1. So which of V75, V69, V43 ends up being without any contact (Cβ under 8 Å) to a residue 12 or more places away in the chain and in a helix (DSSP H, G or I)?
2. Looking only at segment 4-34, count every residue that is surrounded by fewer than 18 Cβ atoms within 10 Å (Cβ to Cβ), among the hydrophobic types (A, V, I, L, M, F, W, C) and modelled with pLDDT under 90 and tell me the total.
3. Which residues, counting only those in segment 176-222, are over 12 Å from S286 (Cβ atoms) and in a loop (DSSP other than H, G, I, E, B)?
4. Residue by residue through segment 268-292, note down the ones that are surrounded by 20 or more Cβ atoms within 10 Å (Cβ to Cβ) and within 16 Å of A359 (Cβ to Cβ).
5. Of (1) farther than 17 Å from S357 by Cα; (2) surrounded by 18 or more Cβ atoms within 10 Å (Cβ to Cβ); (3) modelled with pLDDT of 85 or more, I223 satisfies all except one. Which?
6. Just to be sure, is W176 aromatic (F, W, Y) and crowded, with 21+ Cβ neighbours inside 10 Å?
7. Being closer than 30 Å to L269 by Cβ, in contact with a His (Cβ under 9 Å, 6 or more places away or on another chain) and not charged (D, E, K, R) is the requirement here; does G82 meet it?
8. If I filter segment 127-147 down to residues being in a helix (DSSP H, G or I), at pLDDT below 80 and of a type in the set (G, A, S), which single residue comes out as surrounded by the most Cβ atoms within 10 Å (Cβ to Cβ)?
Amino acid sequence: MLIISQVLLYLCLSITFGSFLLSLIPKNYRPDVTIPKNLLLIVIVGIPVFSFIPVMQIILYLFPLNGVVESFQSVLLTFELGKSWVFIFILSIILFFFVLLLDYRNDALYSFFGIVLTFLSIIGIGWSSHASSIDSTWGFLSDTTHLTAVSIWVGILIVISWFSNDASNWLNFLKWFTPLAILCFVSTGISGLLLMSFVVDDYVSSWMIPYGQALLIKHLLIIPVLFYALLNGLFIKREIKKNNNFDPRPWAKVESLILLFIFSATAVLGQHSPPKETVISGDNVSKLFTIFSRVPIQENTPLYFVALNFSSVMFILLAVLFLVMTILSFVRKAPVVLSLLMGVLLVVCLYLSIMLSVA
């Protein structure tokens, strides 16, 4: 439940961010987008609701000892997680009535105000993050930058692919979105490396525990994301120029779905103890690791890459095959769900190749 709530929280932040950002873009530089007000209000309500789940877990833990009222007061007023949630809750109330009473689409100032409130909510999440508890300055900045960059990228992509009425002005849209997406990707990468420096001391050895497994899967998912970003930014542009009836939205939807998989891996990271705070032993080794690797587990025994074996090479070849099939699915105009499946299988094969190459 906690993992699902975090994925939905990231999704709510992204859709809210994307809605306000796109309303600032002139109509001739984007497709016509319609987001029902009721849906946006539901998404805004989801921000405090889903961010409350981790707070509720602490309250339920303290409840048998302190009672309901005292547990609520203690968590909301003394815990950083609780205080940040109160901050997010107040912002969400303001944002809710702002969208309910005013039409942000008709005034750029209203949209800018919505962006500021959403960004402040992200700051609230960064304030109570694990990285922030380790380093109050750089941990906070890196976590906030990471979530902001991803929310902008994913938010615009989700709104434009799932809520646009047509594919008009798609080339004009790509002119500004492609460099923005590259900037967001670079910002996400740099801030992600910074975050890793706070919580991971040995990247390869961390794969033995659930946190490291989620981190590895998250990094592998970046490969199909980059492929679809390249596809949407370059090849689809050529296709639109050749065929005015070509609809690029399904391919943008695939990219957004892969990014949601990354959200899921990120949510898993938040629910497990990071490597720097974990003594690796048989009790806390990831079940995924034990299924696909035969490395004997000893306390604090490092993990290393060894020479590729036959099995790992075969899975690499399969990964290349799935990548080629993904390209062919676009060239042959196959259903995009087939392309999504090929992208997932590409990640699975790379993961298995890595797991079979460690000792």
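The values are calculated or read from the model by the stated rules, or taken from the named source; none is laboratory data. Remember, it's a predicted structure, so these values are computed and weren't measured experimentally. Every residue, glycine among them, receives a Cβ derived from its backbone with ideal geometry; neighbour counts consider all protein chains shown.
1. Details: V75 fails: without any contact (Cβ under 8 Å) to a residue 12 or more places away in the chain; V43 fails: without any contact (Cβ under 8 Å) to a residue 12 or more places away in the chain.
Testing whether each residue is without any contact (Cβ under 8 Å) to a residue 12 or more places away in the chain and in a helix (DSSP H, G or I) leaves just V69.
2. 1
3. Within segment 176-222, V200, D201, D202, Y203, V204 qualify.
4. Residues satisfying the conditions are I280, F289.
5. Looking at each condition in turn, I223 falls short on (2).
6. Values: aromatic (F, W, Y): yes; crowded, with 21+ Cβ neighbours inside 10 Å: no.
No: the conditions fail for W176.
7. Values: closer than 30 Å to L269 by Cβ: yes; in contact with a His (Cβ under 9 Å, 6 or more places away or on another chain): no; not charged (D, E, K, R): yes.
Against the criterion (closer than 30 Å to L269 by Cβ, in contact with a His (Cβ under 9 Å, 6 or more places away or on another chain) and not charged (D, E, K, R)), G82 does not qualify.
8. A131
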